[in-house]
Amino acid sequence: MNPKVLSITAILLWLVSVLVGGFFFVNGQTKMGTDERVSVQLKADERNFVLAEMRMLLDGVQRMTAGLAADDMPKVAAAARAVGTASAADVNPALMLKLPLAFKQQGMAVHKQFDQIADKIDQGAAANEILLDLSEQLGACVACHSIYRLDVDDVQDVE
Ligand code: HEC
């Protein structure tokens, strides 16, 4: 192969990989689930990772309600902060490509919203105002759960 053909081939391959990467970044790795939800296809450990993060969110919500019931606003703020954007930092790139863009956006929005709740408490917001924010926040959990499910892609898991 002469150098020109080689470099054109390299550029084309690069272009294809960018396009394929872009496709997955937006669409993720999904198929229609058995219950009319979009099934995100993951490896077992990736699914475990996302579910562990989910349980952390539930834990945060539980602590926030306990804090609200005890009128302990610093506790509510700390619980919200613990599930804020800082807690969502290290997701591996392979997993990022498998999650649909809308899923990533909704997930990030939920984390950001927890930070905003913590900020509002720091600025002296009243408990009933925070309870309203929390119920809206739970609406976002419910919405995403009604659209997506996570399944293990068996084929991929044999490595
Ligand atoms: C971006 C989408 C999305 C958002 C936002 C989201 N979840 Fe989830 N969550 C999921 C998916 C998908 C599953 C897996 C459901 C399935 O496979 O049936 C899940 C599962 C869970 C589970 C089960 C964990 C396990 O171990 O099985 C809990 C608990 C949970 N979510 C809590 C929450 C809470 C609380 C919030 C809001 C603060 C939330 N989630 C927000 C997508 C989301």
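Just so it is clear, none of the values below were taken in a lab; they were calculated from the coordinates. In this text the structure is predicted, and so the values were computed from the model without any measurement. Positions of Cβ are generated from backbone atoms using ideal geometry, with glycine treated the same way; all protein chains shown enter the neighbour counts.
So here's what we get for this one:
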quantity: E53, E136, E46 arranged by Cβ crowding within 10 Å, fewest neighbours leading; calculated: E136, E53, E46
quantity: Of I147, A66, A118, farthest towards positive along the dipole that unit charges on Lys, Arg, Asp, Glu beta carbons give segment 3-157; calculated: I147
quantity: Lysine pairs in segment 1-107 with Cα atoms under 27 Å, if 8 or more residues apart or on separate chains; calculated: 5
quantity: Separation of alpha-carbon centers, segment 83-129 and segment 28-66, rounded to whole Å; calculated: 14
quantity: Helix-only mean residue ellipticity at 222 nm for the chain, each DSSP H run of n ≥ 4 adding -39500 (n - 2.57), per residue, nearest 500; calculated: -24000 deg cm²/dmol
quantity: Measure of compaction for the chain (Cα Rg per 2.2 N^0.38 Å); calculated: 1.35
quantity: Length gained when the stretch A10-N27 is fully extended (0.36 nm per residue, less Cα-Cα span); calculated: 3.6 nm
quantity: Quarter of the Cα convex hull surface for segment 1-43, i.e. its orientation-mean projected area (nm²); calculated: 4.4
quantity: Convex hull (Cα only) mean projected area of segment 16-89, reported in nm² to one decimal; calculated: 7.2
quantity: Nearest-20 debye value, the chain charge dipole, Cβ charges on Lys, Arg, Asp, Glu; calculated: 480
quantity: Under 15 Å from the V20 label point (7 Å along Cα→beta-carbon), backbone N, segment 90-120; calculated: 94, 97-98
